[in-house]
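Here, each number is a calculation from the coordinates, and none is a lab measurement. This one's a predicted model, so the numbers in the text were calculated from it and none came from an experiment. Neighbour counts are summed over all protein chains in view; Cβ atoms, including those assigned to glycine, are modelled from backbone coordinates with ideal geometry.
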């Protein structure tokens, strides 16, 4: 969770996050915003459940389709 998505993705891409360092670089394809940290944390915990993972993966796949279609139409 973060209140600055651009900074967070930059930290991941620059290797400053130990758990994601071997997998960088990343493209941002999906973002959710919530009015409170409490609601964001609730959603994060939901996505870690079995059903929540399925919902999250569908959102990621849909976002990736949009991203890839954009890349094909407009270039990187």
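Just checking, how many residues over the stretch 26-50 are assigned to a loop (DSSP other than H, G, I, E, B) and either in contact with a strand residue (DSSP E or B) (Cβ under 6 Å, 6 or more places away or on another chain) or more than 22 Å from residue 62 (Cβ to Cβ) (or both)?
Going through the stretch 26-50 one residue at a time, the tally reaches 2.
Would you call residue 8 over 20 Å from residue 62 (Cα atoms), within 13 Å of the chain's Cα centre (by Cα) and part of a helix (DSSP H, G or I)?
yes
Please find, among 63, 15, the residue that is assigned to a helix (DSSP H, G or I) and either surrounded by 11 or more Cβ atoms within 10 Å (Cβ to Cβ) or in contact (Cβ under 8 Å) with a residue 24 or more places away in the chain (or both).
Within the list 63, 15, the selection yields 63.
Would you check which residues across the stretch 15-35 are farther than 20 Å from residue 64 by Cα and touching a helix residue (DSSP H, G or I) at 6+ places or on another chain (Cβ under 9 Å) and list them?
15, 16, 17, 21, 34
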